[in-house]
Amino acid sequence: MEPLTVLSLLGFFLLITGAAVSRLDVGRCAECAHCRAEARMREAQERSPVAALDRRWELGRCPRCGRTGPHDHEQ
């Protein structure tokens, strides 16, 4: 077989393998520890801009204890 044919077949195989790997559901299942950690990191990154704005403008803070969210003394 000629070298150009072998290189073409290897390149085609590499492209097909890359397309197949990109379609895998890595980071989207709820069972494995890796995907749970990825989900926690995504949630933290989504919350960080909101939390930074809350800290800057002190929105949503309890005047009594300074925490955000529901508290025992508010019920």
Does residue 38 count as modelled with pLDDT of 80 or more, in a helix (DSSP H, G or I) and under 18 Å from the mean Cα position of the chain (by Cα)?
yes
Taking the condition of being under 17 Å from the mean Cα position of the chain (by Cα) and among the hydroxyl-bearing types (Ser, Thr, Tyr), how many residues in segment 1-35 meet it?
1
Mind checking whether some residue in segment 52-68 is within 21 Å of the chain's Cα centre (by Cα) and at pLDDT 70 or above?
no
Would you mind telling me which numbered condition in (1) at pLDDT below 80; (2) outside any loop (DSSP other than H, G, I, E, B); (3) surrounded by 10 or more Cβ atoms within 10 Å (Cβ to Cβ) residue 45 fails?
(3)
Pairs needed: first member in segment 1-25, assigned to a helix (DSSP H, G or I); second member anywhere, surrounded by fewer than 10 Cβ atoms within 10 Å (Cβ to Cβ) and not hydrophobic (A, V, I, L, M, F, W, C); C-beta distance under 7 Å; at least 6 residues apart or different chains.
none
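The values are calculated or read from the model by the stated rules, or taken from the named source; none is laboratory data. All values reported here derive from a predicted model rather than from experimental measurement. Reconstructed Cβ throughout: ideal geometry from the backbone, glycine too, with neighbour counts over all protein chains shown.
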